[in-house]
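What follows is one structure encoded as structure tokens, with my remarks underneath.
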Amino acid sequence: MFIDLISNYGLFLLKTITIVISIVIVISVIVNSKKSTTTGSLEVQSINKDLDSLEEGIKKSILSKKEYKKFAKSKKKNSKKSNNKLFVIDFKGNIKASEIISLRREISGILLSYNKGDEVLLRLENSGGTVHEHGLAASQLKRIRDKNIPLTICVDKVAASGGYMMACVANKIVASPFAIIGSIGVIAQVPNFNRLLKNKGVDFEQQTAGDYKRTVTMFGKNTDKDRKKLKEQLEDIHILFKDFIKKNRKNLDVDKVSTGEYWYGKDALDLKLIDKILTSDEYIISLKDSFQIIQIKYKPAKSISDKLSKLSSNLYSKFFQKIEQKNYDKNFFK
């Protein structure tokens, strides 16, 4: 009887949660039908202050009062900073380079506020994706170069394929020792279900105007003509990719590195794919006494529906995490 009670109570809770989530979704749909008038905002943060606070906190803990007082006095005496600013922005890419929405806003903000002597640092993490999306992202970075503002790109993890297309725009590329660099190539992968459909008695029809409106397809029968045309298109994109890199990194032997291979830090340096081996943290700390280091981050506006959806998702996750934890405790800590 006790087990039945627990079981019924669990079902009641699940039904209640389902009803609550359904209500939240309905409210979200209603609210989302109204357009938001806010586009988002730029968040500005001083990295110098964060680093100084970190240093002071550690010094205070490990130095004697006399030593700390001497350190603080010396710090204050040498605290005069340059008026030049190093703007820091981040780009963590995916296949569609979705962060381009934030990137274009951040760059616009920088271009509207920069002064002579200022520089830009982009911390890039991008393993590539669609050509047109990453081409647009690279073009956004070119806006900085076109204004003759020095641009450095730091790669701590990966800048490959479309990611390297972005990186090559920089005046200087800095990468960590084990960062993945390169993969200058083009790929297309398309599954084909034509034989499966035929076996199941399903016909597929596709009508086009123009010989090459569609080449390789997922559901129709692919011909050698289709494959040849797709290969030509990929080669054309590869040539555009290589030409873009040649234009931006004149000392690089593009033909040698455009095989689709990738390299790690030291080998990438030897091939002149990058200019220096450093992590982004090392690079920033090396400049903290000569620049006001300002991090710029664009935060898109969140609608009420987004907030409600996130809230319902969090509640749902927490509930089931608690159930899983209780089951774990019950099984292993009897």
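The values are calculated or read from the model by the stated rules, or taken from the named source; none is laboratory data. Everything quoted here is computed from the prediction, not taken from an experiment. All Cβ positions, glycine included, derive from the backbone under ideal geometry; neighbour counts span all protein chains shown.
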**Message:** Which of the numbered conditions does VAL202 fail, given that it passes all the others? Conditions: (1) surrounded by 11 or more Cβ atoms within 10 Å (Cβ to Cβ); (2) in a loop (DSSP other than H, G, I, E, B); (3) touching a Gly at 6+ places or on another chain (Cβ under 9 Å); (4) not small (Gly, Ala, Ser).
**Reply:** (3)
**Fill in**
Exactly one of ASN115, ASN94 is surrounded by fewer than 16 Cβ atoms within 10 Å (Cβ to Cβ), out of contact with any His (no Cβ under 6 Å at 6 or more places or on another chain) and farther than 21 Å from GLY182 by Cβ, and that one is ASN115
**Message:** Give me the residue from region 185-199 that is surrounded by 13 or more Cβ atoms within 10 Å (Cβ to Cβ) and not small (Gly, Ala, Ser) and, out of that set, nearest to the chain's Cα centre (by Cα).
**Reply:** VAL186
**Message:** On the basis of being of a type in the set (S, T, N, Q), loosely packed, with under 15 Cβ neighbours inside 10 Å and not in a helix (DSSP H, G or I), does ASN222 make the cut?
**Reply:** no
**Asked** Taking the stated definitions as given, is SER161 buried (at least 22 other Cβ atoms within 10 Å of the Cβ) and farther than 20 Å from ILE284 by Cβ?
**Response** yes
**For LYS172: the one exception among (1) out of contact with any Asp or Glu (no Cβ under 7 Å at 6 or more places or on another chain); (2) within 22 Å of ASP255 (Cα to Cα); (3) among the basic types (Lys, Arg)** = (1)
**Selection from region 218-248 of residues that are in contact (Cβ under 8 Å) with a residue 24 or more places away in the chain and of a type in the set (Lys, Arg)** = LYS221, LYS242
**Request:** Select from region 40-91 the residues that are under 21 Å from LEU121 (Cβ atoms), exposed (fewer than 13 other Cβ atoms within 10 Å of the Cβ) and basic (Lys, Arg) and list them in ascending order.
**Result:** LYS49
**Request:** Give just the number: which of (1) in a loop (DSSP other than H, G, I, E, B); (2) at pLDDT 85 or above; (3) within 20 Å of LYS299 (Cβ to Cβ) does THR38 not satisfy?
**Result:** (2)
**Message:** Being under 30 Å from ARG104 (Cβ atoms) and either part of a loop (DSSP other than H, G, I, E, B) or not assigned by TED's automatic domain parsing to the domain that holds LYS116 (or both) is the filter here; which residues of region 42-84 pass it?
**Reply:** LYS81, SER82, ASN83, ASN84
